[in-house]
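*Asks:* Below you will find the structure I want to go over with you.
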Amino acid sequence: MGLEDKLPSGILLTSVEGLVGQMQARSVWPATFGLACCAIEMMAAGTPDYDIARFGMERFAATPRQADLMIVAGRVSQKMAPVVRQIYDQMPNPKWVLAMGVCASSGGMFNNYAIVQGVDHIVPVDIYLPGCPPRPQMLFNALLSLHDSIRQTKFGVDRVEAARKAEAAALASTPTHEMKGLLA
Amino acid sequence: MSDDAGPVHDADPVHDHHSTDDLPAERSADVARAEGDPVPVGHRKGMFGPSLGGDTSGYGGLERDILFPGASAPPYGGYFDDIADALSAATGTAYTEGVKVTIDRGEMTLHVDRDHLLTVVRALRDDPALRFELCAGSNGVHYPGQTGAELHCVYNFMSITHGGRRVRVEVSCSEEDPHIPSIVEVYPGNDWHEREAWDMFGIIFDGHPALTRILMPDDWPGHPQRKDYPLGGIPVEYKGATIPAPDTRRSYN
């Protein structure tokens, strides 16, 4: 048929996109920092019971310059907001942000003057993980979903086209605040 | 207690402090009660929930004063008399002019005039018969109903030499003139506690080495733990439903 049939054994063909996606998804290094109780669950995810090393993520980078993933584990106070943003800015591209728990996602139970009402006010968030705090299994579920999206990241013209497609889909969908009636 | 009694007191600390009459007053027979008029610190009206109509419990019409115990008269009972006598001997006129003693629930509170605070805490630390080595920090309190003394600062002291004796010192100032002398020069560990009381309540501690905010950002307006500081928050919208911000949902008092 094509080129595949003529290859000797031991040779696989793939696209650069596919190869880079696989490699990036399997070597995500989270930044080492936690803000509140969610950080306890994040640390529990690193213990042998849950073993975050199964996903190649046991290497929590001690400097943001070696980190790919920022797990915002806990509520972000107004005073901590510039610090969190600075950590994000110090991380090299490509980088991802996981808002762990309801506080990081929306302010959660801390609907008051002192807490940033969702970390998406200060950094772009790739995936939101609800829970108060979410269990390590929930964190893994979010990480696996994130790995999926990292693996399917497009490059070059494909990336531009994918971004346009996602934007068009978002524009066509009904915004949450216009949905009425059922709360589900 | 005179000054030369101090070394004698120090010479036999263990025996002295474990005698029965050295127990806190709540465990002694002769517990002094607060005898002065109770101090009203506020007025409470109703409970949470609707104040107009819809109140089927009847608690909405409840009105009462918040009363704190007034000054006590000696003898105070337990080791409290020793503390009062030693402090009186060590500070002299500052004690007679600036200190009111309240014994309540087996605990001793010295209400100290802010002009005499440094004299009193220095005596509490240095006098051999007092020796309160440990200051467990200071807390701010805001009583908006107590006109002229809205802001309080409460210090908790413990004497290790004298077997865990405890005494509380309370100082007040008004919102218009929120100045209290800093005790950092006597108790250096109180540094961050006073910064927190400044940050949260706006009490200015005169003589503090670096009175800056400690919890809130440096450019934050206002002092969040005051009773009149708004809680803030945003209304939460979700699929057509709106939940108002917490401080606008119901009235507490």
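*Asks:* Can you name the number of the only condition in (1) within 8 Å of chain A (Cβ to nearest Cβ); (2) assigned to a strand (DSSP E or B); (3) modelled with pLDDT of 85 or more that residue B:205 fails?
*Replies:* (1)
*Asks:* Same structure, new question: Output the residues belonging to the range A:56-84 that are away from chain B (no Cβ under 14 Å), free of Cβ contacts under 8 Å to residues at least 60 places away in the same chain, of a type in the set (A, V, I, L, M) and in a loop (DSSP other than H, G, I, E, B).
*Replies:* Result: A:62, A:67.
*Asks:* So, one more: Keeping to the range A:111-120, report how many residues are farther than 27 Å from residue A:29 by Cβ and part of a loop (DSSP other than H, G, I, E, B). It would help to see each step written out before you state the result.
*Replies:* First pass over the range A:111-120, keeping only residues farther than 27 Å from residue A:29 by Cβ: A:111-115, A:117.
Cutting the leftovers down to part of a loop (DSSP other than H, G, I, E, B) gives us A:111-114, A:117.
The number of residues fulfilling the criteria is 5.
*Asks:* Working only within the range B:158-187, note down all residues that are free of Cβ contacts under 8 Å to residues at least 40 places away in the same chain, in contact with a strand residue (DSSP E or B) (Cβ under 6 Å, 6 or more places away or on another chain) and closer than 15 Å to residue B:119 by Cα.
*Replies:* Result: B:182, single match.
*Asks:* While we're here: Could we say that residue A:113 is away from every other protein chain (no Cβ under 14 Å) and not basic (Lys, Arg) here? Before you say what the answer is, go through the steps one by one.
*Replies:* Details: away from every other protein chain (no Cβ under 14 Å): no; not basic (Lys, Arg): yes.
When the stated conditions are applied, residue A:113 does not pass them.
*Asks:* Quick check on my filter: what residues within the range B:213-253 are within 10 Å of chain A (Cβ to nearest Cβ), part of a loop (DSSP other than H, G, I, E, B), out of contact with any Gly (no Cβ under 8 Å at 6 or more places or on another chain) and among the aromatic types (Phe, Trp, Tyr)?
*Replies:* B:220
*Asks:* Of the residues A:181, A:131, A:108, which is in a loop (DSSP other than H, G, I, E, B), more than 14 Å from chain B (Cβ to nearest Cβ) and at positive phi? Spell out the reasoning first.
*Replies:* Details: A:181 fails: more than 14 Å from chain B (Cβ to nearest Cβ); A:108 fails: more than 14 Å from chain B (Cβ to nearest Cβ).
Testing whether each residue is in a loop (DSSP other than H, G, I, E, B), more than 14 Å from chain B (Cβ to nearest Cβ) and at positive phi leaves just A:131.
*Asks:* Considering the range A:85-105 alone, what residues qualify as being part of a helix (DSSP H, G or I) and closer than 22 Å to residue A:147 by Cβ? Let's see the steps before the verdict.
*Replies:* So the first thing to find is which residues in the range A:85-105 are part of a helix (DSSP H, G or I), and the list is A:85-90, A:101-105.
Within the range A:85-105, A:87, A:88, A:101, A:104, A:105 qualify.
So that you can scan it fast, the table gives a plain yes or no per residue for (1) out of contact with any Ser or Thr (no Cβ under 7 Å at 6 or more places or on another chain); (2) part of a helix (DSSP H, G or I); (3) crowded, with 16+ Cβ neighbours inside 10 Å:
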{"site": "A:10", "(1), (2), (3)": "yes, no, no"}
{"site": "A:13", "(1), (2), (3)": "yes, no, no"}
{"site": "A:17", "(1), (2), (3)": "yes, yes, yes"}
{"site": "A:20", "(1), (2), (3)": "yes, yes, yes"}
{"site": "A:38", "(1), (2), (3)": "yes, yes, yes"}
{"site": "A:41", "(1), (2), (3)": "yes, yes, yes"}
{"site": "A:44", "(1), (2), (3)": "yes, yes, no"}
{"site": "A:49", "(1), (2), (3)": "yes, no, no"}
{"site": "A:53", "(1), (2), (3)": "yes, yes, no"}
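*Asks:* Looking at the range B:110-131, which of the residues that are over 13 Å from the mean Cα position of the chain (by Cα) and not in a helix (DSSP H, G or I) is surrounded by the most Cβ atoms within 10 Å (Cβ to Cβ)?
*Replies:* B:130
*Asks:* So how many residues does the range A:146-175 have that are among the polar types (S, T, N, Q), within 22 Å of the chain's Cα centre (by Cα) and either surrounded by fewer than 10 Cβ atoms within 10 Å (Cβ to Cβ) or within 14 Å of chain B (Cβ to nearest Cβ) (or both)? Explain how you work it out, then say what you get.
*Replies:* As a first pass, look at the range A:146-175 and keep what is among the polar types (S, T, N, Q): A:149, A:152-153, A:173-174.
Remaining after also requiring within 22 Å of the chain's Cα centre (by Cα): A:149, A:152-153.
Filter once more, so that each one left must be either surrounded by fewer than 10 Cβ atoms within 10 Å (Cβ to Cβ) or within 14 Å of chain B (Cβ to nearest Cβ) (or both): none.
Result for the range A:146-175: 0.
*Asks:* Look through B:66, B:83 and report the one residue that is under 30 Å from residue B:150 (Cβ atoms) and modelled with pLDDT of 90 or more. First the steps, then the outcome.
*Replies:* Working: B:66 fails: modelled with pLDDT of 90 or more.
Every option except B:83 fails the conditions.
*Asks:* Give the number of residues within the range A:156-184 that are out of contact with any Ser or Thr (no Cβ under 9 Å at 6 or more places or on another chain), among the hydrophobic types (A, V, I, L, M, F, W, C) and closer than 28 Å to residue A:70 by Cα. Walk me through how you get there before you give the answer.
*Replies:* As a first pass, look at the range A:156-184 and keep what is out of contact with any Ser or Thr (no Cβ under 9 Å at 6 or more places or on another chain): A:156-158, A:160-161, A:163-184.
Subset that is among the hydrophobic types (A, V, I, L, M, F, W, C): A:157, A:160, A:163, A:166, A:168-172, A:179, A:182-184.
Filter once more, keeping what is closer than 28 Å to residue A:70 by Cα: A:157, A:160, A:163, A:166, A:168-171.
So the count comes out to 8.
*Asks:* For residues that are among the small types (Gly, Ala, Ser), out of contact with any helix residue (DSSP H, G or I) (no Cβ under 7 Å at 6 or more places or on another chain) and either buried (at least 22 other Cβ atoms within 10 Å of the Cβ) or in a strand (DSSP E or B) (or both), tally how many sit in the range B:132-183. Outline the logic, then answer.
*Replies:* Residues of the range B:132-183 among the small types (Gly, Ala, Ser): B:136-138, B:140, B:145, B:148-149, B:159, B:163-164, B:172, B:174, B:182.
Filter once more, keeping what is out of contact with any helix residue (DSSP H, G or I) (no Cβ under 7 Å at 6 or more places or on another chain): B:136, B:145, B:148-149, B:159, B:164, B:172, B:174.
Filter once more, keeping what is either buried (at least 22 other Cβ atoms within 10 Å of the Cβ) or in a strand (DSSP E or B) (or both): B:136, B:159, B:172.
Number satisfying all stated conditions: 3.
*Asks:* Just one of (1) away from chain B (no Cβ under 14 Å); (2) at pLDDT 90 or above trips up residue A:121, so point out which.
*Replies:* (1)
The values are calculated or read from the model by the stated rules, or taken from the named source; none is laboratory data. Note that the structure is a prediction, hence the values are computed from the model and not measured. Every residue, glycine among them, receives a Cβ derived from its backbone with ideal geometry; neighbour counts consider all protein chains shown.
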